[in-house]
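Asks: One structure, as C-alpha cells, below. Some questions next.
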Amino acid sequence: MSVIEEKINNLAKSKFRSSFHLRKYMKDYINKKGLNKIESDAYDFIRNRISDTSKFIDGKQTPMKGHPVFIAEHATATCCRGCLNKWYHIPKDRKLTDHEIDFCVALIMAWIRKELR
C-alpha cells in the first residue's frame, strides 16, 4: 500500500473527513474539464491559498462548497495549515515545500479518483 493510499484509508476512519463526497454536478464538472484541469486547479489552490501562511487567516481560506477540489481539500485535511499540521505534521509557520505541495495534490487527486469510481 502506498503512503497516499494509507493516508486516504486513515482519513476514511474520521467521521468528519468521511462525510465529504462529490455531488453529481461536481462529478459532471470533472468529467467535462478532465482530471488534468482539476489537478492544475488543485496546484493553484494549494499554492495560492494554503502554501504561504502570511496571506490569510488560517481555517478560512477553503470554501466548503463550489469547486470539487475544495471538497477534496476538506476530505483530505489539506484545507488549511492547522489540518496539515494535525494530520501530517507539516509545520504551520513556513511556506510549503514543493514536495509538500505535490503531496497535498496527490492526496486530493487520489480522493477525487476514488469518489469517481
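Read the figures in this text as sums done on the coordinates, not as results from a lab. In this text, all values refer to a predicted model and were calculated from it rather than measured experimentally. Backbone-built Cβ (ideal geometry, glycine too); neighbour counts: all protein chains shown.
Asks: Counting Lys and Arg as +1 and Asp and Glu as -1, each charge on the Cβ, what is the dipole of the chain about the Cα centre in debye, to the nearest 20?
Replies: Dipole magnitude for the chain comes out near 500 debye.
Asks: Related question: For the chain, place one equal point scatterer on every Cα, skip the solvent, and apply the Debye formula. What is log10 of I(q)/I(0) at q = 0.12, 0.16 Å⁻¹?
Replies: Ignoring solvent entirely, the Cα scatterers give -0.38, -0.69.
Asks: Next question, about the same structure. Just to be sure I understand: with springs between alpha-carbon atoms less than 10 Å apart, which residue in Phe16, Phe70, Phe45 has the highest mean-square fluctuation in the Gaussian network model of the chain?
Replies: Largest GNM mean-square fluctuation: Phe16.
Asks: Okay, moving on. So what is the relative contact order of the chain, in percent, for Cα pairs below 8 Å that sit 6 or more residues apart?
Replies: In percent, rounded to a whole number, it is 34.
Asks: Multiply the residue gap between Tyr29 and Met64 by 0.36 nm, knock off their C-alpha separation, and tell me the result in nm, one decimal place.
Replies: Extending this stretch completely gives an extra 10.9 nm.
Asks: Okay, moving on. Can you compute the helix-only [θ] at 222 nm over the chain? Use -39500 (n - 2.57) per DSSP H run of at least 4 residues, normalise by all residues, nearest 500 deg cm²/dmol.
Replies: Using -39500 (n - 2.57) per qualifying helix, the result is -17000 deg cm²/dmol.
Asks: Using alpha carbons only, how many degrees (0 to 90, rounded to 10) separate the axis of helix 35-45 from the longest principal axis of the chain?
Replies: 20
Asks: Using θ = phi - 60° and the Karplus form 6.51 cos²θ - 1.76 cosθ + 1.60, what ³J(HN,Hα) does each residue of the stretch 95-102 get, whole Hz, x for Gly and Pro?
Replies: Per-residue couplings from phi come out as 5, 5, 7, 4, 4, 5, 5, 4 Hz.
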